[in-house]
Amino acid sequence: MPGTHDFVVVANRLPADIRVDSEGNITSTPAPGGLVTALAPVMRSQDGAWVGWSGSPDQHLDSFDTDGMHLVPVPLSEQEVERYYEGFSNATLWPLYHDVIVAPEYHRIWWNSYREVNQRFAEAAAGTAERGATVWVQDYQLQLVPEMLRRLRPDVRIGFFNHIPFPPVELFGQLPWRKQVIDGLLGADLVGFQRTGDAANFLRAVRRFTEHGTRGQQVTIGPHWNRPERHVRAGTFAISIDSAKVDEAARSEKTQQRAAQLRSELGDPDVLMLGVDRLDYTKGIRHRIKAFGELVAEKKLTVPRTALVQVASPSREQVEQYKTLRQEVEVMVGHINGDHGSWGRSAIYYMHHSYPFEEMVALYRAADVMLVTALRDGMNLVAKEYVAARPDLGGVLVLSEFAGAADELGQALLINPHDIEGTKAAMMEAATMSPAERRRRMRTLRKRVLENDVQGWAEKFLSVLQNMPQRNSHV
Ligand code: G6P
């Protein structure tokens, strides 16, 4: 039975923090991610719905309306959280798609759970979408949904966007279920990636592991049983942030005061360096701390004249590699602070929690040097947020060439984070850069980020999807 919504987003997580009290009443506070902000206008104008998991195991909730959006919760059992979410999504696909920074694990019971959960999401989407609706599936947790949904609802337009990198075929080929994943994605009309390299890797994988022909960005799927020939397009759409919102918050008097207060609480250092990440092994947090520790040990930077604030928000804490990373990072921070701290002054201020939006913008405004040292990252929105938060044209961005953002942010100091000496040199260059040079670079960076915001990203993706020939929708 088709549903009533013309536009449906399908993502692993719902864009809300959901609480259910003892009487079963639901309270939901919006979780203001970039994607929600970008899609809110389309959601409102097209009677949109969002299909996703509440974030808690064994929670069976009816769909409900919040903030001008219809939310359709998909339940996951505790075992599915272990096998589909922590297992296949985050201990198989996540490391495999991020250049095997840690070894991916391949387990058939995880794969089976991934398939079953993807089928549940596809069915929820099928029951939510109006005839001829547009359905936009998000990210690596749901790669089988496009094909599953097409089988259930050949009348809908299906877009898919991969927020993380798509790996080179030599690595992707390790996946025992590589063909099924490619077939899953090819159920979409449009498959979007962050970088041109990701789309190229995907097209190579299509050629290597399927019979389908490709021409430019297009894959042709020959007629099959009663289904006519159809075309799938693989395109590049670099995601961004709500740049105007960050810029405006950064300009406010309150933020500026808070930024000054933060600096003074940290002992008014000459150079304040900042790292902001989910605590994830892809982010190169250890490489960054090592480089900083060596600069301090070599007395090229001195404490407390220099300080590093590292905000590492908790993430996927049940997954083994994340537990190990936390221990390693905390031991490193402890060593450096033990060697170089003094009463009331640390070399590194390490925070294992997240902060509200306003506090993050104040931190960005307070920091002289922003360190984004990812070993591999689909885009890295922190880099873009830092730039948007500097209307004063102050601050220097040190950016890994392995983050998608490097394609657009060439005026940052680009580094290879594996090259510790090179990273140290860039950190010194950033710490000592003249105000005129900072302004020159920041002006160009800001132009890119303010002109290419997340609203533009969503519009571009949806307009390509909506302008694709309707031929695809014939049964
Ligand atoms: C990355 C992924 C998202 C994911 C987010 C947080 O940005 O691309 O799909 O939602 O990390 O991770 P989590 O596992 O907490 O949802």
Exclusive hit being assigned by TED's automatic domain parsing to the domain that holds residue 204, in a loop (DSSP other than H, G, I, E, B), away from the ligand (no atom under 14 Å from the Cβ) and under 24 Å from residue 461 (Cα atoms), set 99, 155
155
Neighbours by Cβ (under 9 Å, 6+ apart or cross-chain): first from region 11-22, acidic (Asp, Glu); second part of a strand (DSSP E or B) and within 16 Å of the ligand (Cβ to nearest atom):
17/30
Given the conditions (1) under 30 Å from residue 402 (Cα atoms); (2) open to solvent by 10 Å² or more (accessible area, probe 1.4 Å), and given that residue 175 satisfies all but one, which numbered condition is not satisfied?
(2)
Look through 319, 271 and report the one residue that is touching an Asp or Glu at 6+ places or on another chain (Cβ under 7 Å), closer than 21 Å to residue 387 by Cβ and touching a residue at least 24 places away in the same chain (Cβ under 8 Å).
271
Do we have residue 379 as of a type outside the set (Val, Ile, Thr), in contact with a Gly (Cβ under 8 Å, 6 or more places away or on another chain) and within 16 Å of the ligand (Cβ to nearest atom) here?
yes
Which residue out of 241, 289, 285 is closer than 30 Å to residue 462 by Cα and of a type in the set (Val, Ile, Thr)?
241
Helices (runs of 4 or more DSSP H) fully within region 188-273 counting 3 or more residues that are closer than 30 Å to residue 348 by Cα
243-251, 253-265
Is there a residue being closer than 30 Å to residue 459 by Cβ and of a type outside the set (D, E, K, R) anywhere in region 81-90?
yes
Sort out which residues of region 405-446 are over 22 Å from residue 389 (Cα atoms), open to solvent by 10 Å² or more (accessible area, probe 1.4 Å) and touching a strand residue (DSSP E or B) at 6+ places or on another chain (Cβ under 8 Å), and write them in order of number.
416, 422
Restricting attention to region 287-305, does a residue exist that is of a type in the set (A, V, I, L, M, F, W, C), over 27 Å from residue 101 (Cα atoms) and out of contact with any Ser or Thr (no Cβ under 8 Å at 6 or more places or on another chain)?
yes
Among all residue pairs at least 6 apart or on different chains, which show Cβ distances below 6 Å where the first residue, located in region 74-93, is in contact (Cβ under 8 Å) with a residue 24 or more places away in the chain and open to solvent by less than 10 Å² (accessible area, probe 1.4 Å) and the second is of a type in the set (D, E, K, R) and part of a helix (DSSP H, G or I)?
74/120
Return the residues of region 280-301 that are at positive phi and within 16 Å of the ligand (Cβ to nearest atom); say none if nothing qualifies.
284
Positions within region 305-345 being open to solvent by 60 Å² or more (accessible area, probe 1.4 Å) and within 16 Å of the ligand (Cβ to nearest atom), in sequence order:
317, 318, 320, 323, 326
Given (1) open to solvent by less than 10 Å² (accessible area, probe 1.4 Å); (2) within 16 Å of the ligand (Cβ to nearest atom), where does residue 169 come up short, assuming only one miss?
(2)
Does region 10-19 contain at least one residue that is farther than 21 Å from residue 123 by Cα, open to solvent by less than 60 Å² (accessible area, probe 1.4 Å) and part of a loop (DSSP other than H, G, I, E, B)?
no
Of the residues 205, 200, which single one is more than 22 Å from residue 467 (Cβ to Cβ), surrounded by 15 or more Cβ atoms within 10 Å (Cβ to Cβ), without any contact (Cβ under 8 Å) to a residue 12 or more places away in the chain and under 24 Å from the mean Cα position of the chain (by Cα)?
200
Every residue in region 182-197 that is crowded, with 21+ Cβ neighbours inside 10 Å and either under 20 Å from residue 231 (Cβ atoms) or at pLDDT below 95 (or both), please.
182, 184, 185, 186, 187, 188, 189, 190, 191, 192, 193
Residue 302 passes all but one of the listed conditions (1) more than 29 Å from the chain's Cα centre (by Cα); (2) β-branched (Val, Ile, Thr); (3) surrounded by 19 or more Cβ atoms within 10 Å (Cβ to Cβ); the exception is number (3)
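The values are calculated or read from the model by the stated rules, or taken from the named source; none is laboratory data. Because the structure is predicted, anything quoted here is derived from the model rather than measured. Positions of Cβ are backbone-derived with ideal geometry, glycine not excepted, and every protein chain shown enters the neighbour counts. When the accessible area is computed, the model is the full protein with side chains, heavy atoms only, and any ligands, DNA or RNA have been set aside. Shrake-Rupley method; radii C 1.70, N 1.55, O 1.52, S 1.80 Å.
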